[in-house]
Structures are given as structure tokens and as C-alpha cells.
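The values are calculated or read from the model by the stated rules, or taken from the named source; none is laboratory data. Bear in mind the structure is a predicted one, so any value in this text is a computation, not a measurement. Note: ideal-geometry Cβ built from the backbone for every residue, glycine included; neighbour counts use all protein chains shown.
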Amino acid sequence: MKNELDEIYELYAADVYRYIYGLCRNEAASSDILQNTMLKAVMTADKFRGECSVRTWLYRIAKNEFLNYIKRSDNRNLPLDEVPEQYSDDIEHRFSDRYTALQIHHILHGIAEPYREVFSLRVFAELKFSDISLIFGRSENWARVTFFRAKEKIIDKLREEEEKS
């Protein structure tokens, strides 16, 4: 069992950390939440039913640990609002252009939840819509629509920035 847990940590810790860091944008908090996530995963491994991938299960634990972190702190990071059209069809590929990727990251921090998180899970964590729907306890269609709306927000904001330039 210990070897399996070590293997899970090695396989998923970096991805889970990036996901958490995307939520809180704080290295120290992200590390703490990652440790709490992995500890909770170890302690509740017998409850894992295999209805989703291990990664999705860990992301769900991480999200809950992040929410617990917010509840414990007065450091509430309230969601903001909006993010890219010429990029609409392939926004994920726009990250290869470093400048555009930086713009999108900046814009992404201004998008309201759940758009920011769904977009991050899809693009950065490369999760399937079915996995995203499990994390939120919503339908797969909801995950697709939310991702589409997040992309539209990003596109609109990128257009605004281009018009200003």
C-alpha cells in the first residue's frame, strides 16, 4: 500500500500543486493545501470507489481543501469578471505564444468562478469535461457550456486590450 501511495504522489503531486496554485496564487498556501490533500487521500483511500480517475479524485479533494483554507482564513480571494475571438477555436494553442499566454493568465485572474476554475482544469490540467463535471457535481454539458463561456470572456477581454493598443 505504501508503494502505491508513493507512486500516486509521484504521478500526481505536481499536477495537483499546479491546480491548487491556480486557485490561490500563493506558493506557501499551495504547498500546505497539497500536503493536506495528499494526507486526506491517504487517510480516505479506502473510500475511493473508482468512479472517476485518481487525478479527478485528487482534484476534488484539493478543491475541498482549498475551500477549507479559505474558510479558515480571512484571506478571501473574491472572483472577478472576464477573458479571448480570433482565439476562440484554439485558445489552448495560444499559450504557445508567450506574450499571449501571459495576457491570458492575467485576464484569467479577473474571471468569475466557476469560469476561471473550469477553464484552468480544461486547459492547464487537461481534464476531460466528464472529469470536470464530477469535480463540480454537475453535468458534462454544464462543464462544456461553462468552458465555452469562459473562452468567450477571455476573447472579449483580449479584443478590448487589442483595441486599446
Original post:
Here is a list of conditions, (1) touching a helix residue (DSSP H, G or I) at 6+ places or on another chain (Cβ under 6 Å); (2) modelled with pLDDT under 85; (3) basic (Lys, Arg), and residue 49 meets all of them except one; can you say which number that is?
Top reply: (1)
Subject >> Criterion (outside any helix (DSSP H, G or I) and either among the hydroxyl-bearing types (Ser, Thr, Tyr) or modelled with pLDDT of 85 or more (or both)) met by exactly one of 138, 55, 122, 116 >> reply: 138
Subject >> Where a residue in the range 150-165 is in the same structural domain as residue 105 (by TED's automatic domain parsing) and on the phi < 0 side of the Ramachandran plot and its partner, wherever it lies, is surrounded by 14 or more Cβ atoms within 10 Å (Cβ to Cβ) and acidic (Asp, Glu), with Cβ under 8 Å and at least six apart >> reply: 153/82; 154/82; 156/82; 157/82
**OP:** Residue by residue through the range 87-98, note down the ones that are in a helix (DSSP H, G or I) and at pLDDT below 50.
**Re:** 88, 89, 90, 91, 92, 93, 94, 95, 96
Original post:
Applying the selection to the range 63-86, what residues are farther than 30 Å from residue 158 by Cα and modelled with pLDDT of 85 or more?
Top reply: 64, 65
Original post:
Taking the range 100-139 as the region of interest, how many residues are of a type in the set (A, V, I, L, M) and in contact with a Gly (Cβ under 9 Å, 6 or more places away or on another chain)?
Top reply: 3
Original post:
If we scan the range 15-35, do we find a residue that is outside any helix (DSSP H, G or I) and of a type in the set (Asp, Glu)?
Top reply: no
